[in-house]
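Remarks on the structure that follows.
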Amino acid sequence: MKFNWGHGVALAYIVFAASMIWFAVKASQQTYDLVDEHYYEKAVGYQEIISAQKNGQLEKLLINYLPENHSIVLTTDSNLTNLNGTLAFYKPDNATADFNLNFSIDSTGTVSIPLKQLAHGYWNINATWIAAGKTCYKEKRIFIE
């Protein structure tokens with residue numbers, strides 16, 4: 001049997017159909033992690049986060065990542081002491097790695113938090129604390145090598 005143009009067209013359709021089926025199977029196996037499972041409720045109350053970010057700019061909390069120590073250092077102004085808050089660690093590409101840590105800053109104005117368990121990649125750190133009776137919020141993005 002000789003190979004002619006009809007066989008070529010049939011072969012092209014078969015390869016196209018097989019590749020479409022393969023793409024559909026691979027797409028159905030992907031995980032689609034959202035930043036938060038309750039994103040709609042958080043989106044409705046986003047004005048509170050905007051207000052807390054403005055408060056966070058007034059009540060300064062510096063978040064620094066020290067890669068050589070694998071730690072986060074939180075520093076406040078000298079007039080802000082005895083702060084308690086929460087650090088929320090979000091990994092954009094893997095929601096199962098997300099976790100929260102509580103922090104407490106005493107009269108020194110600095111606290112170091114070791115983070116040896118962080119996986120490689122980008123992390124979003126969201127700090128929430130209360131200063132002068134106001135809720136404050138700050139975001140920081142870091143990259144772990």
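The values are calculated or read from the model by the stated rules, or taken from the named source; none is laboratory data. The model shown is predicted, which means the values in this text are computed figures rather than measured ones. Counting neighbours? That spans all protein chains shown, and the Cβs are built from the backbone with ideal geometry, glycine included.
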Could you grab me the full set of residues in region 53-74 that are aliphatic (A, V, I, L, M) and more than 21 Å from TRP123 (Cα to Cα)? LEU58
Starting from region 49-65, keep only residues that are closer than 19 Å to SER112 by Cα, then list their pairs with residues that are at pLDDT below 85 and acidic (Asp, Glu) whose Cβ atoms are within a distance under 7 Å, requiring at least 6 positions of separation or different chains. LYS60/ASP77
Being among the polar types (S, T, N, Q), assigned to a loop (DSSP other than H, G, I, E, B) and in contact with a Gly (Cβ under 7 Å, 6 or more places away or on another chain) is the filter; apply it to region 68-115 and report the residue that is surrounded by the fewest Cβ atoms within 10 Å (Cβ to Cβ). SER78
The one condition GLN57 fails out of (1) among the polar types (S, T, N, Q); (2) more than 12 Å from the chain's Cα centre (by Cα); (3) exposed (fewer than 15 other Cβ atoms within 10 Å of the Cβ); (4) not in a helix (DSSP H, G or I) is (4)
Taking region 116-138 and keeping only residues that are free of Cβ contacts under 8 Å to residues at least 60 places away in the same chain, in a strand (DSSP E or B) and within 19 Å of ASN55 (Cα to Cα), one is left with ASN126, ILE130
When you look at TYR65, is it under 30 Å from SER107 (Cβ atoms), within 18 Å of the chain's Cα centre (by Cα), outside any helix (DSSP H, G or I) and not hydrophobic (A, V, I, L, M, F, W, C), yes or no? yes
If the requirement is being under 15 Å from the mean Cα position of the chain (by Cα) and small (Gly, Ala, Ser), which of these qualifies: ALA88, ALA24, ALA52? ALA88
